[in-house]
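Okay, structure first, notes after.
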Amino acid sequence: MLDLKCKKCRRAGEKLFLKGDRCFTPKCAMIKKSYSPGVHGKSKKRKRLSEYSLQLQEKQKLKFMYGLREKQFSNYIAKSIARNIESGKALLEFLESRLDNAVFRCGFALSRTMARQMVSHGHILVNGRKINIPSYGVKPEDTIQLRPQSLNKGIFSNLDLFLKKHKAAPWLSVDKSKKECRILTKPSDEAFSGININAIIEFYSR
């Protein structure tokens, strides 16, 4: 039985990469069941969406990708609009700079859900200090490390395999042998590839 994460992808009509490695295999729900979820999903055609529906869909896609509740997501939107720079760029920085996302982008976890679990359970150090807040914002020159005492935990049993095939985001520098990641710059725009950020900002500006 497919879980809720797979249903979110099917509802969005595209892969949101919420299930780690599974999303790259034939077991992916978007390969096996690319139609909408529900009893009539297979026979129901995806209808042309209104402007409002398109904005809502883009918002839901981004919110699901980062695993955020509506209140958390709307707070990021409000802070982004209040920043004295382009709102979409500000939103990118807020979401990508989250510690759980940075751990995922480093290749220390297969998914943001797994990365959030690592952070919450105290397995992650930032500049040598244990941080267990997934929303903690990392900055250029910060260093993320896996807590040495945690490396024998089951969650890290396949870590070397993760790292071997993972390509870190360009704003990160990963030392795979030391299990360490340094933040080089602010996040790059490619993180939101395929997402209509302007539609999301317009949705919350109504």
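The values are calculated or read from the model by the stated rules, or taken from the named source; none is laboratory data. From a predicted model like this one, the values you see are computed outputs, not experimental measurements. Here Cβ is always computed from backbone atoms with ideal geometry, including for glycine, and neighbour counts include all displayed protein chains. Each accessible area value is taken on the protein alone, full model and side chains, heavy atoms only, with ligands, DNA and RNA left out. Shrake-Rupley method; radii C 1.70, N 1.55, O 1.52, S 1.80 Å.
Considering the Cα positions of segment 94-144, please state its Rg to one decimal place and its Dmax as a whole number of Å.
9.4, 25
Can you tell me how much longer the chain between A82 and N198 gets when fully stretched, taken as 0.36 nm per residue apart minus their C-alpha distance, in nm with one decimal? Can you show the working numbers first?
Values: separation 116, 0.36 × 116 = 41.76 nm, distance 1.52 nm.
Value of the extension gain: 40.2 nm.
Please work out the C-alpha center-to-center distance from segment 45-77 to segment 127-206 and express it in whole Å.
If you average the Cα positions of each part, the centres end up 23 Å apart.
Rounded to the nearest percent, how much of the accessible area of segment 92-206 (1.4 Å probe, protein heavy atoms only) is carbon and sulfur?
Numbers: 2730 of 5730 Å².
Carbon and sulfur together cover 48 percent of it.
At a Förster distance of 25 Å, what's the computed FRET efficiency of I155 paired with L184, Cβ-Cβ distance as r, to 0.05? Can you show the working numbers first?
On the way: r = 26 Å, r/R0 = 1.05.
My answer for the efficiency is 0.40.
What percentages make up the Cα-Cα pair-distance distribution of segment 83-206 when the bins are 10 Å wide from 0?
13, 45, 29, 11, 2
Dividing the convex hull volume of the Cα atoms of segment 135-200 by its residue count, what figure in Å³ per residue is obtained? Spell out each step's value before the answer.
On the way: hull volume 9.0 nm³, N = 66.
So the per-residue hull volume is 136 Å³.
For a Förster distance of 41 Å, can you work out the FRET efficiency between the beta-carbons of Y136 and S50, rounded to the nearest 0.05? Show your work: numbers first, answer last.
Numbers: r = 38 Å, r/R0 = 0.92.
After rounding to 0.05, the efficiency reads 0.60.
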